[in-house]
1. Can you confirm whether segment A:188-204 contains a residue that is out of contact with any helix residue (DSSP H, G or I) (no Cβ under 6 Å at 6 or more places or on another chain), within 30 Å of residue B:183 (Cα to Cα), within 12 Å of another protein chain (Cβ to nearest Cβ) and surrounded by 16 or more Cβ atoms within 10 Å (Cβ to Cβ)?
2. So is residue B:135 assigned to a helix (DSSP H, G or I), touching a residue at least 40 places away in the same chain (Cβ under 8 Å) and buried (at least 20 other Cβ atoms within 10 Å of the Cβ) or not?
3. Filter segment B:133-168 down to the residues that are under 9 Å from the mean Cα position of the chain (by Cα) and away from every other protein chain (no Cβ under 12 Å) and list them by number.
4. Consider residue B:103 carefully, then state whether it is closer than 26 Å to residue B:173 by Cβ and surrounded by fewer than 21 Cβ atoms within 10 Å (Cβ to Cβ).
5. Residues that are within 14 Å of chain B (Cβ to nearest Cβ) and modelled with pLDDT of 95 or more: list the helices (runs of 4 or more DSSP H) wholly contained in segment A:64-171 that include at least 3 such residues.
6. Can you name every residue in segment B:23-54 that is within 12 Å of chain A (Cβ to nearest Cβ) and closer than 18 Å to residue B:78 by Cα?
């Protein structure tokens, strides 16, 4: 019989009796989210190569003001401060950023990965003080449902982009014909994955039916609650797949626009 | 027969140490079997709380290799037996002796939650009528065996010791079972927001991960309650709409 004296309480950052690779999950999340934040920030600041033919990068959609044919209200507005850098993405990116930032899944993930609050389950934390989402600033996370409303609108807009990506202009005749390119499929997949993520939102689940105790008397709501609940069970999966794919969609449009990749037409 | 080493916390509230015990293990054994064998053969004074050995009484909660688990539901073939298996008592609660902790705080918390308050009976014989689909949602919460592993792993209690301001995942599940019950008429949302501190939960899902009954604590209980609290306290549009329609 041997003896080893070890403190019972966890009282230091990273202290734990866990023998598994508990650091792997938060580290993966840290690098995954950091890579996306860095790329999307860089892409948003570019202000060019965000459209190619009928394709518009989802980072720039809807293009409220801008120089591309996709712009809804014309070029850069005169009221934009001259000392501020300009990109059409600045006007709209706050919506998907806000939606993901306040998302219940991402909250749990980045509290662990970026704040070590906690680093992982049953692992010691670096700080003793904890206020959680009980007070400012994290109490603002409760705004999530408002971002969800806006994100639902973005799904409609991005679906319209997919429709537009089915109409190709002949450079010689100027005639517009129905067709499909790899880019169309890329943008369509983006909408499917974003829909899987947005329509599985916890706030949406609550609003369509979760807030009622008697769903049996509301068959439409019961069906909606059940459908959202089904997607909600895979919320983490859709959160990551849609994050990766929305980034890839921008890369695809950018590469085609820069002439590095060729957009193959299927028909 | 194969042997395995168990590194078990021995001590009380004043202090203690980890001691190694080597015992024979065989196919089908769970951690509690090994602990009881050690108790019988080598350490007659080892304190361990257990009862059903079937994962239904919630008594044998401990931390196996640092992860809160029921010892009776942790099979040895799931553990790397080439290294010593470390056994600690639940660290969130006051230690009584060895693997036994004082979980009485939980019972005091439960008393502070407004009890079930059904609407008047639907029939003259004093009974109610409910749709099965309405009750299904809360049935999941009733699987809880009160092992308090979720309370133990919750960093708000374990690390930050906020026992005065936060009731913990076990009782958020309990409140959810009451709040979502189709017959219940009580409103517990203001208490949830204030005294019971639901805002302290930062959705790390550790409670869900350790639940031996696989209750989806975070997604099905805590987040829906958080959303109900948002309805009540943080959503101005919803409050306006509620005032206009006179609904809850």
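1. Looking for residues that are out of contact with any helix residue (DSSP H, G or I) (no Cβ under 6 Å at 6 or more places or on another chain), within 30 Å of residue B:183 (Cα to Cα), within 12 Å of another protein chain (Cβ to nearest Cβ) and surrounded by 16 or more Cβ atoms within 10 Å (Cβ to Cβ), one finds none in segment A:188-204, hence no.
2. Values: assigned to a helix (DSSP H, G or I): yes; touching a residue at least 40 places away in the same chain (Cβ under 8 Å): yes; buried (at least 20 other Cβ atoms within 10 Å of the Cβ): no.
No.
3. Result: B:144, B:145, B:146, B:147, B:148, B:151, B:168.
4. Numbers: closer than 26 Å to residue B:173 by Cβ: yes; surrounded by fewer than 21 Cβ atoms within 10 Å (Cβ to Cβ): no.
So residue B:103 fails the test.
5. Numbers: elements: A:94-101, A:104-113, A:144-164.
So the answer is A:104-113, A:144-164.
6. B:23
Here is a yes/no grid of residues against (1) touching a residue at least 24 places away in the same chain (Cβ under 8 Å); (2) at the interface with chain A (Cβ under 7 Å from one of its Cβ atoms); (3) over 20 Å from the mean Cα position of the chain (by Cα); (4) under 20 Å from residue A:229 (Cα atoms):
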| residue | (1), (2), (3), (4) |
| --- | --- |
| B:174 | yes, no, no, no |
| B:179 | yes, no, no, yes |
| B:182 | yes, yes, yes, yes |
| B:185 | yes, no, yes, no |
| B:194 | no, no, yes, no |
| B:200 | yes, yes, no, no |
| B:205 | no, yes, no, yes |
| B:224 | yes, yes, no, yes |
| B:228 | yes, yes, yes, yes |
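Rundown of residues vs (1) crowded, with 19+ Cβ neighbours inside 10 Å; (2) at pLDDT 95 or above; (3) under 19 Å from residue A:148 (Cα atoms), yes/no style:
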residue: A:215; (1), (2), (3): yes, no, no
residue: A:220; (1), (2), (3): no, yes, no
residue: A:226; (1), (2), (3): no, yes, yes
residue: A:231; (1), (2), (3): yes, yes, yes
residue: A:234; (1), (2), (3): no, yes, yes
residue: A:237; (1), (2), (3): no, yes, yes
residue: A:244; (1), (2), (3): no, yes, no
residue: A:249; (1), (2), (3): yes, yes, no
residue: A:254; (1), (2), (3): yes, yes, no
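The values are calculated or read from the model by the stated rules, or taken from the named source; none is laboratory data. Quantities reported herein were computed from a predicted structural model and do not represent experimental measurements. Cβ: placed from backbone, ideal geometry, glycine included. Neighbour counts: every protein chain shown.
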